[in-house]
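Working notes, structure below.
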Amino acid sequence: MSGTWLDEFTPQHVRNLDVYQPGTPIEELERELGITGAIKVASNENPLGPSPKAMAALPKTLNQLHLYPDAGGFALRRALAAKLGVPIEQIALGNGSNDMLYQLVLATCEPTDELLSHKYAFLSYRLSAQVAGRPFVAAPTTPELGVDVDALIALIGPATKLVILGSPNNPTGSVVKRAEAERVLAALPKRALLVIDEAYAEYAAQWPEVDHVDGMALQKRDRRVVVLRTFSKIYGLAGLRVGYGVADPAVINVLGRVGRTFHVSTPAMVAAIGALDDDEHVAISARHARTAIERIQAIAHGPSVKLHPSLANFVLIDCGKPSTPIYEKLLRMGVIVRPMAAWGLPNCIRVSVPSAPDLPRVIGALEEVLA
């Protein structure tokens, strides 16, 4: 956008932002490619769909659509407080967990305060800083694309305000170990917060043999910890956009000062309460994800191909060569994956867990293009 008349009133940090490129809808791709029955495994959605209890709760909201939603989200916050074993004063709601992250930046960061994460972390960590004009620092990773805790701690300084770690991390699938999180927390300046993004926490719980941080347990021990979670993943409510943050009441208080009024809709909150009560749907979804990932990891191999471990509902595949031709070939086969060049991983694709009926077709397509 640089060099246009917009430069006269647009801040430089906004002009330098990359424009988000949304994925093409399945119907449009099918029309363009002349195919039918395409399978979308690109957005880490729950292929089992929404919780049946959430679906059953939604109709009761239809006669309330002329009314503004409860700005305090009291019913959902009460339900979350009971589920998580924390006071309601420690819970804030957002239009997805991404919204909570943007609120945190606005509420806590001075213009010179830094956000610290690592390479190949979820893009919103960097974007939340850049949109607000705050510095973002990315630490190196390990050869397995996980957070290098020593390198991260070396970059913590007086300007560090938020350290953001995803566990499991999107798109790499890497996790932060319990001891690693403790080390990062111990290295924080007193004025800083450790933000643990647990969008996939319910999936990770299906892998108890793997050491990974429990953000909620850590938050209950240290008020400098903020945990972000969402109803978009295992609960299957991505289209309704509702997430939440768990933090010290003082942090929740300042979040309330910058959050938009009525930013979570009535249908979203009612469906989330229903989904939160559906332990069976969560358990089935988590088991399905683990089974599907194990099948993909066991079958999809080829020269120089590497499949990264994942405790979420997706797997990152290093194709051993530029992934764009592979992505395009999969498209023509009716399998829509996510190419990872935007994350700085031009040889990689990310494949979300498909439904059980679609899994053999996805695996077969991966075998063909990776062989």
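Which value, in debye to the nearest 20, gives the size of the charge dipole of the stretch 39-129 about its Cα centre, when Lys and Arg are +1 and Asp and Glu are -1 at the Cβ?
On the way: 8 positive and 7 negative charges, 103 e Å.
That gives the stretch 39-129 a dipole magnitude of about 500 debye.
The heavy atoms of D211 present about 60 square angstrom of accessible area, all protein chains included, probe 1.4 Å.
Between E28 and K190, the FRET efficiency from the beta-carbon distance, with R0 = 35 Å, is close to 0.10.
If you rank I326, I153 by how much accessible surface each has, with a 1.4 Å probe, what is the order from largest down? Working shown, then result.
Working: I326 10, I153 40 Å².
These residues rank, largest area first, as I153, I326.
Each residue of the stretch 280-293 is assigned a 3J(HN,Hα), and the resulting list reads 5, 5, 4, 5, 5, 5, 5, 5, 4, 4, 5, 4, 5, 5 Hz, derived from the Karplus form 6.51 cos²θ - 1.76 cosθ + 1.60 (θ = phi - 60°), x at Gly and Pro.
At 37 °C and a viscosity of 0.692 mPa s, what translational diffusion coefficient does Stokes-Einstein give for the stretch 11-165, taking Rh as the Kirkwood radius over Cα pairs? Give it in µm²/s as a whole number. Provide the component values of the computation, followed by the final result.
Numbers: Rh = 19.6 Å.
Result for D is 167 µm²/s.
When N counts the residues of the stretch 230-319, how does its alpha-carbon radius of gyration compare numerically with 2.2 N^0.38 Å, as a ratio? Present the calculation step by step, with values, prior to reporting the outcome.
Numbers: Rg = 18.1 Å, N = 90, 2.2 N^0.38 = 12.2 Å.
That works out to 1.49 for the stretch 230-319.
Dividing the alpha-carbon radius of gyration of the stretch 96-174 by the rule-of-thumb value 2.2 N^0.38 Å gives 1.04.
The heavy atoms of K83 present about 100 square angstrom of accessible area, all protein chains included, probe 1.4 Å. Translational diffusion of the stretch 303-358 was estimated from the Stokes-Einstein equation, with Rh taken as the Kirkwood radius over Cα pairs; at 37 °C and 0.692 mPa s the coefficient is 282 µm²/s.
E367 to T324: extension gain in nm, 0.36 nm per residue of separation minus the Cα-Cα distance? Present the calculation step by step, with values, prior to reporting the outcome.
On the way: separation 43, 0.36 × 43 = 15.48 nm, distance 1.63 nm.
Length gained, E367 through T324: 13.9 nm.
Of R126, R31, the residue with the largest accessible area leads and the full order is R31, R126 (1.4 Å probe).
In the chain, helices alone account for a calculated mean residue ellipticity at 222 nm of -11000 deg cm²/dmol, with every DSSP H run of four or more residues adding -39,500 (n - 2.57). When the alpha carbon gyration tensor of the stretch 115-239 is reduced to an equivalent ellipsoid, its three semi-axes come out at 21, 17, 15 angstrom, largest first.
At full extension, E209 and A56 could sit 51.6 nm farther apart than now, given 0.36 nm per residue minus the alpha carbon distance. From the Kirkwood radius over Cα pairs of the stretch 247-371, Stokes-Einstein at 10 °C and 1.306 mPa s returns a whole-number translational diffusion coefficient of 93 µm²/s.
Between the stretch 268-303 and the stretch 333-367, what is the separation of their alpha carbon centroids in Å? Answer, in whole Å: 16.
Multiplying the residue separation of N253 and R223 by 0.36 nm and removing their Cα-Cα distance gives an extension gain of 9.5 nm.
H308 sits with roughly 10 Å² accessible to a 1.4 Å probe, with DNA, RNA and ligands left out of the calculation.
Hey, in the GNM for the chain with a 10 angstrom Cα cutoff, which one of I299, I164, I91 fluctuates hardest? Fluctuation is largest for I299. Basic side chains Lys and Arg get +1 at the Cβ, acidic Asp and Glu get -1 at the Cβ, and with that the dipole of the chain about its Cα centre reaches some 440 debye.
The residue list F231, P143, L359 was ranked by how far each Cα lies along the charge dipole of the chain toward its positive end, using unit charges on Cβ atoms, and F231 comes out on top.
The values are calculated or read from the model by the stated rules, or taken from the named source; none is laboratory data. Keep in mind the model is a prediction, meaning the values are calculated, not measured. Cβ sites come from the backbone with ideal geometry, for glycine too, and all protein chains shown count toward neighbours. Remember, those area values only see protein heavy atoms, side chains included, never the ligands or the DNA or RNA. Shrake-Rupley method; radii C 1.70, N 1.55, O 1.52, S 1.80 Å.
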